[in-house]
Structures are given as C-alpha cells and as structure tokens.
Amino acid sequence: MHWKLYLLLLFVLPFSLSAQGLAGAKNLDRAVLLHVGYGPISSGGDLGNRFGNGFSLDGGLSWLPANSNMEIGFRVQFGFGDQVKEDVLAGLRTSNGFIIGNQREPADIQLRQRQIFLGPALGYTLRIGKNQRAGIHLKTSVGYFFHRIRFQEDAIQSVAQIADELSAGYDRLTGGPAIHQFIGYQQLAFDRRLNFYLGAEAMAGFTRGLRTFDIPSGAPPSSDGRTDIVLGLKAGLIIPFYFGEGREIFYK
C-alpha cells in the first residue's frame with residue numbers, strides 16, 4: 001500500500017510544476033494552498049497501550065492573504081497500521097490461537113489500527129533568507145480525534161461473532177477533542193515550482209470510549225478520560241493557486 005502513496009506523490013509533483021509554471025507573479029500574491037503529506041507515526045500515552053507504530057496521510061486547504069505568512073484553513077489526518085496490542089478477539093480463539101469461521105476452518109482475521117483527526121488550522125512561516133515564504137513553519141490545529149480497531153476479515157469465510165453490527169462491540173471506538181502541533185520547514189518557491197513542507201508533529205487527544213458496550217470485557221467501556229498521544233514525522237507537497245498580478249512575470 002505504501003508504494004501506491006509514493007506513486008501518488010510522484011504524480012502530484014509534475015502537476016504542481018506545470019500548473020505553477022504558467023505566466024504569473026512572484027509568490028507573494030494571495031493564494032489557496034492544497035497540501036498532501038505522508039510519514040511515520042508512533043503512539044504514546046493511553047494510545048500506546050492499544051497501538052504501536054504506523055503511518056499517516058494528511059491533507060487540507062489553507063487561505064494565504066497577499067504579502068502575508070499567516071495561513072488559515074482546515075486539515076485532516078488519517079492514521080493506519082498493523083500494530084495492535086489489545087487482542088479484543090482473544091475470547092474467540094481456540095487453545096491454539098485460531099478463530100473458527102463459518103466453514104469450520106481457521107479464519108485469517110487481522111487487527112488493524114485506524115485514526116482520524118480533523119479540524120481548523122492556523123499556520124505561520126518564520127522567514128529564512130530572501131524568500132519571504134520559505135522558512136520555519138509553525139502550525140496549530142484544534143479539532144476532534146477518533147480511533148478504533150479495524151478487522152481485516154478472511155477473504156473466503158466469515159466469522160459470525162464479528163459480522164455486521166456485532167463488530168461495534170469489539171472495535172473500542174474512542175474519540176474526543178484534540179490539539180495538533182507541527183514544526184518544520186515550508187517553502188513556497190519564487191517561481192512557484194517546488195512547494196513543500198517537512199518536519200515533526202505531535203497530537204494530544206482527550207478522549208473517551210464511545211461505544212455503549214464492550215463485548216470482550218462483558219461491560220460498558222470505562223468512563224475514565226484518556227490522554228492519547230501521536231508523534232510523527234511528515235513530508236508533503238503543496239499546490240498553490242495564486243490570485244493576482246504580482247510584480248514579476250515568469251514563463252515556461
């Protein structure tokens with residue numbers, strides 16, 4: 001799956017180069033910024049007891065006023081991975097660790113982690129060098145964070161205990177308000193050709209279980225609050241759509 005994401009980035013980059021190489025101004029006009037990034041993540045806090053390492057894909061839109069380094073917008077981050085520490089299906093396993101499917105054969109059921117953060121974002125670039133819109137980039141997002149355990153089911157047979165709506169009793173869906181921070185380097189090039197960001201990110205979610213009943217424990221989920229931490233590295237591409245005449249004209 002990861003190689004497909006890299007191919008997507010390779011596809012987007014030529015589009016960015018050609019689209020922004022048309023006749024236009026320097027990079028100080030007002031603009032709408034479309035960004036997409038990818039990188040590894042690690043779980044901490046209460047989330048570290050449930051999930052291990054994984055990867056995240058983020059994207060969003062931002063508005064950048066003319067002659068300004070302050071941007072405001074919206075971002076979404078999707079996290080995924082195969083390191084799940086809580087075996088919520090342990091009660092369905094035989095003494096040999098198998099789960100029996102509807103064909104009375106061991107079913108291949110894999111546990112996966114799924115995370116989603118979404119919310120408004122405010123960013124600012126601290127200029128380094130001659131390019132006003134290239135330098136240390138700081139971004140804060142306040143929004144909502146969800147995570148759950150996903151079941152990757154056997155392609156041939158099903159398991160009745162986790163079929164359809166019954167899977168909700170095992171997935172430990174959790175959610176709550178969260179804050180996301182990013183610090184790194186961001187560049188909007190003078191000629192609008194190479195626009196990117198890379199850096200480190202941290203998110204803290206203040207969450208609770210959202211299901212009414214947890215089948216593995218035979219009781220409602222704990223009402224205690226959780227502090228879920230996600231740390232990661234991120235690199236991404238930006239496609240800016242500028243509006244205005246500007247001061248200098250570039251041609252392909």
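The values are calculated or read from the model by the stated rules, or taken from the named source; none is laboratory data. Here the structure is a predicted model, which means the values were calculated and not measured. For neighbour counting, all protein chains shown are included, and Cβ atoms are generated from backbone atoms with ideal geometry for every residue, glycine included. For the accessible areas, the whole protein counts, side chains as well, though only heavy atoms, and no ligand, DNA or RNA atoms are used. Shrake-Rupley method; radii C 1.70, N 1.55, O 1.52, S 1.80 Å.
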Work out the length of the dipole vector of the chain about its Cα centre, built from +1 on the beta-carbon of each Lys and Arg and -1 on the beta-carbon of each Asp and Glu, and round it to the nearest 20 debye. 920
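If contacts are Cα pairs under 8 angstrom and at least 6 residues apart, what is the relative contact order of the chain in percent? Kindly include the intermediate steps, with their values, before the conclusion.
Details: 644 pairs, mean separation 65.4, N = 252.
Contact order relative to length: 26 percent.
Quick one: net charge around TRP63, please, counting Lys, Arg +1 and Asp, Glu -1 for every other residue with C-beta under 9 Å from its C-beta. Don't jump to the answer; show the numbers that get you there.
Working: positive: ARG30; negative: GLU71.
Result for the local shell: 0.
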In sequence order, what are the phi-derived ³J(HN,Hα) couplings for segment 219-227 according to the Karplus relation 6.51 cos²θ - 1.76 cosθ + 1.60 with θ = phi - 60°, rounded to whole Hz, with x for glycine and proline? 7, x, x, 4, 8, 5, x, 10, 10
Could you work out, for segment 142-210, what percent of all Cα-Cα pairs fall into each 10 Å distance bin, beginning at 0 Å and stopping at the bin that holds the largest distance? 16, 25, 22, 21, 13, 3
Measure nothing fancy, just the Cα-based angle from helix 2-19's long axis to the longest principal axis of the chain, in degrees from 0 to 90, nearest 10. 20
Cα extents of segment 87-236 per principal axis, largest first, Å, are 68, 35, 24
Projected area, mean over directions - segment 47-98, Cα convex hull, nm²: 5.7
Whole-Hz Karplus ³J(HN,Hα) for segment 99-114, in order, using 6.51 cos²θ - 1.76 cosθ + 1.60 and θ = phi - 60°, x for Gly and Pro? 10, 8, x, 6, 9, 6, 10, x, 9, 8, 10, 10, 8, 10, 9, 9
Which listed residue (ASN195, GLN132, GLY209) has the Cα farthest towards the positive end of the charge dipole for segment 127-227, taking +1 on Lys and Arg C-beta and -1 on Asp and Glu C-beta about the Cα centre? GLN132
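Hey, any idea what Rg/Rh is for segment 105-174, computing Rh the Kirkwood way over Cα pairs?
Computed over Cα atoms, the ratio is 1.34.
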Taking only protein heavy atoms into account and a 1.4 Å probe, give the accessible area per residue of the chain in Å². 52
Checking segment 51-127 for trypsin sites (Lys or Arg not before Pro) in a loop per DSSP with at most 11 other beta-carbon atoms within 10 Å yields ARG104
How do 129-138, 217-226, 177-186 rank on mean C-beta neighbours within 10 Å, highest first? 177-186, 129-138, 217-226
Have a look at ALA160, ASN69, PRO220 and report the one farthest towards the positive end of the charge dipole of the chain, computed about the Cα centre with Cβ charges (Lys/Arg +1, Asp/Glu -1). ASN69
Quote the convex hull volume per residue of the chain, based on C-alpha atoms, as a whole number of Å³. 131
Which residues qualify? For ALA134, with a placed amide H closer than 5 Å and at least 5 residues away or on another chain, they are ILE128, LEU188
Cut-off 13 Å, label point 7 angstrom out along Cα-to-Cβ of SER68: give me the residues of segment 28-58 whose amide nitrogen falls inside. 29-33
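If you roll a 1.4 Å probe over segment 109-252 with all protein chains in place, what percent of the accessible area is carbon or sulfur? Each step should come with its number before you reach the end.
Details: 4510 of 7360 Å².
About 61 percent, which is the carbon plus sulfur part of the accessible surface.
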Summed side-chain charge close to ASP82 - residues other than ASP82 whose Cβ falls under 15 Å, Lys, Arg +1, Asp, Glu -1: +2
Relative frequency of Cα-Cα separations exceeding 23 Å in segment 159-251, percent: 56
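What net charge do the residues around ASP214 carry, taking every other residue with its C-beta under 11 Å from that of ASP214, with Lys and Arg at +1 and Asp and Glu at -1?
Values: positive: ARG172, ARG211; negative: GLU86, ASP171.
That works out to 0.
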Exposure rule at most 16 other beta-carbon atoms within 10 Å, DSSP loop GluC sites (Glu not before Pro): the chain longest free segment: 87-244
